[in-house]
Structures are given as C-alpha cells and as structure tokens.
Ligand SMILES: NC(=O)c1ccc[n+]([C@@H]2O[C@H](COP(=O)([O-])OP(=O)(O)OC[C@H]3O[C@@H](n4cnc5c(N)ncnc54)[C@H](O)[C@@H]3O)[C@@H](O)[C@H]2O)c1
C-alpha cells in the first residue's frame with residue numbers, strides 16, 4: 001500500500017456529528033492517517049478536540065487558514081483535508097486548501113449559496129488538487145449496481161424517477177431548546193443556506209437519482225413548507241421534476257415525518273423494467289423486468305456483479321451499511337489521490353461525486369426556493 005495519505009480535518013470537533021463518521025470511513029481500508037486538524041470553531045475546543053484524538057500539539061490548529069498555510073510549508077504536511085463544518089464554511093475552507101494544492105474531501109451540500117458554489121467550482125477547476133464531495137449514498141454496492149444496470153440499458157429508456165428522503169428529527173422546534181447544535185445551524189439560513197430539508201437531505205436524494213438514472217434535471221416545481229412555527233427554512237418539500245429527454249420525476253424530502261429515520265428510497269422505471277433501492281435495507285436491490293416476477297438482487301449472492309463486488313468487503317448476508325458506503329467514497333478518493341501523486345491517470349472504474357455534482361445540488365436548492373416563492377411555478381435550474 002505504501003505510505004498512508006496524510007489527512008487533516010476542519011470541523012468535526014467534540015460533540016460534532018459527521019466528523020467522526022469521516023474519521024471511521026478514512027480508517028476502514030487503512031489508506032489515511034489523520035495528522036492535523038482545525039477541529040472546532042473556537043481555539044479552545046479545537047485544542048481539546050485535537051488532544052482527544054491524539055494529534056501532535058504542533059498539528060492542532062485554532063484556525064483553518066493557519067492550518068492551510070503551515071501544512072503547506074512543512075515537510076510531511078497533509079496531502080488532503082476533510083471539511084466537515086456547517087455548510088457556510090465549506091467554500092472559504094476549501095478555497096484555502098485547494099489554492100495550496102491540497103486535495104479536498106468535503107461534505108455536502110457543496111456550499112450554502114449558489115454564488116459560493118460557482119466560485120468554489122472555479123477554484124477547484126483551477127487547482128491541481130482533487131475535490132471529492134461526500135454524497136456517501138453513491139458509495140453503496142447496490143447503488144453502483146443499479147447505476148450500471150441503467151447504463152447497460154437493462155431498464156430501457158428511463159421514464160419515471162421517484163425519490164424520497166424523509167426523516168423525523170425536526171418534527172418539533174428542537175432548535176429552540178438550545179440543546180441540539182446540529183438543528184441550530186441547519187435552521188439558520190446564514191449557515192445552512194436558503195434551503196432547510198432541501199439542502200440537508202434533498203440534495204442527497206437529488207444526487208442519488210442523478211447518479212443512478214444518469215439523467216440531467218432541466219426544470220422543477222417545488223412546494224416547500226416550514227411546518228414548525230418560527231422555523232426559517234423549509235422542513236418539508238414536494239418537488240416535481242422534468243428531466244432532459246422527457247423523463248419525469250418526484251422528490252420528497254422531509255424532516256417532520258414521524259417514524260422516518262433515514263428513509264432514503266429510490267425507484268426508477270424504464271420502458272423495460274424497474275429498480276427499487278432503500279437506504280435502510282441497502283444490501284438488496286429489487287429488479288422488476290416488465291411481465292416477469294420481481295427479482296431480489298443481493299450485494300454478494302448469486303449473480304452478484306463486479307461493480308458491486310469491488311466496493312464490498314464482506315461475504316453476502318453480512319450487512320454492510322452507512323459506514324462502509326462512506327468508506328467507499330474515501331477509498332475511491334484514495335485511488336484518485338494516489339494516481340495523482342504518481343502522475344498517472346485515475347483508473348476508469350474509480351467513481352466519486354465531484355464539485356460539479358455539488359454545484360448541481362446547490363442549483364437544485366436554489367431552484368426549489370425560487371419555485372416555491374412563486375407558488376410552485378416551474379423554474380429552470382440556473
Ligand atoms: N453525508 C452525510 O450523510 C452528512 C450527514 C450529516 C452532516 N453532513 C454535513 O456535514 C457538515 C457538518 O454537519 P454536522 O452534523 O457534523 O455538524 P455539527 O454541528 O455536528 O459539526 C460541525 C463542526 O464544525 C465545527 N466548525 C464550525 N465552524 C468552524 C470553523 N470555522 N473552523 C473549524 N471548525 C468549525 C464545529 O465546531 C463542529 O465541530 C454539514 O455540511 C452537513 O450538511 C453530511
């Protein structure tokens with residue numbers, strides 16, 4: 001394997017959510033070593049968080065700019081940085097590292113605003129460093145297989161896409177209790193962006209539908225609500241989709257649907273058959289060729305495909321899930337980073353969400369907000 005990729009992290013301090021998931025994902029295949037961090041918004045908490053992770057004191061930073069400048073100068077500075085801050089900080093942080101040629105692995109949505117997303121796409125295009133966006137659901141083996149089946153024409157031309165991502169954790173005004181920081185910034189438009197559920201989970205659903213179907217969204221009509229009194233961003237959205245080429249779709253995202261945890265589900269129907277995949281049962285994929293019995297395809301069982309196998313780690317029947325799917329994004333990023341370091345082309349089978357996918361996601365949120373403000377009028381993606 002050679003030397004581990006030296007990883008830094010911005011965000012992901014004590015009490016943060018997704019930073020810990022990134023650290024696990026980075027470790028699963030032994031490709032990365034976390035060596036530096038600006039882990040929190042306050043220097044004191046950043047120091048405590050770095051110490052708790054066993055980082056060398058000289059590699060614990062109170063400020064991400066200081067980290068980018070110093071890590072770029074020192075021998076054995078970081079090769080890549082994971083960005084796991086609230087949305088409004090993705091652009092300023094990513095810019096500092098990309099400009100210095102440090103690879104970026106950033107969580108979604110790409111940015112809080114469309115202008116920032118455009119600027120970030122430009123900075124990424126001008127940088128020699130890679131930009132990887134952790135739309136982690138694209139890392140699941142059966143999602144990879146679904147994408148291959150569509151691309152192979154096994155469903156025929158795609159007609160209908162149904163995708164939904166309901167949750168229930170914002171059913172009450174938890175952001176007003178002062179006890180849940182994840183909900184506080186997510187319901188603050190300045191930090192989250194103009195979209196609430198649309199930005200937080202609608203972008204995942206949008207990205208997954210694009211990834212599997214291979215379709216490009218042309219226009220949408222969005223009916224967004226903030227059901228919880230006082231909430232400043234949407235917590236529920238019903239969105240009609242028109243794809244280039246004529247396919248139609250519907251996307252539902254909600255954080256106020258009691259009983260739903262992370263019930264991301266995708267159904268795709270073509271002229272010859274359909275596919276159905278659910279994140280909470282991710283090792284299985286239903287294939288429904290028209291006029292034939294439904295088939296349950298499994299990650300590593302009879303008929304398992306290479307495209308799923310190359311991102312699987314255990315025999316069939318041993319459930320792989322969220323952490324392994326996340327780790328697959330890190331594994332793909334590692335392959336791309338290693339190819340870059342060796343001055344070689346990235347292997348063709350390596351797939352990960354890019355800055356362009358992130359820009360499309362932010363354009364999706366922007367279009368939803370514009371449409372909903374006009375009584376769910378049809379609008380084109382910017
Ligand atoms: N891919 C996924 O499944 C997934 C899941 C959850 C969250 N996310 C995304 O991850 C990001 C973080 O979400 P979270 O739920 O972990 O939030 P969180 O509030 O739990 O953690 C955010 C962390 O960023 C730190 N931070 C804030 N400003 C900073 C700065 N200027 N410098 C350094 N650190 C700073 C905070 O101190 C905290 O440690 C968001 O963009 C969110 O959309 C993605």
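Summary of computed values
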{"read-out": "Bridge type composition, the chain - antiparallel percent by DSSP, nearest 5", "value": "60"}
{"read-out": "Highest to lowest packing among 100-112, 266-278, scored as the average C-beta count within 10 Å", "value": "100-112, 266-278"}
{"read-out": "The stretch 265-330: Rg to Rh, with Rh as the Kirkwood radius over Cα pairs", "value": "0.99"}
{"read-out": "Rel. contact order, % - alpha carbon contacts under 8 angstrom, at least six apart, the chain", "value": "19"}
{"read-out": "The stretch 133-199-the stretch 54-126 distance, computed between alpha-carbon centres (Å)", "value": "23"}
{"read-out": "Contact order normalised by residue count of the stretch 5-129, Cα under 8 Å, 6+ apart, percent", "value": "24"}
{"read-out": "Helix-only CD estimate at 222 nm, as mean residue ellipticity for the chain, using -39500 (n - 2.57) per DSSP H run (n ≥ 4)", "value": "-10000 deg cm²/dmol"}
{"read-out": "Rounded to 5, the percent of DSSP beta bridges in the stretch 188-294 classed as antiparallel", "value": "100"}
{"read-out": "Debye intensity ratio in log₁₀ form over the Cα atoms of the stretch 5-129, taken at each q of 0.13 Å⁻¹", "value": "-0.46"}
{"read-out": "Order by protection proxy (mean Cβ within 10 Å, highest first), peptides 216-229, 132-145", "value": "132-145, 216-229"}
{"read-out": "At 1.002 mPa s and 20 °C, Stokes diffusion of the chain via Kirkwood alpha-carbon radius, µm² per second", "value": "101"}
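Every number in this text was worked out from the coordinates using simple rules, so none of it is lab data. Quantities reported herein were computed from a predicted structural model and do not represent experimental measurements. In this analysis, Cβ positions are derived from the backbone assuming ideal geometry, glycine residues included, and neighbour counts consider all displayed protein chains.
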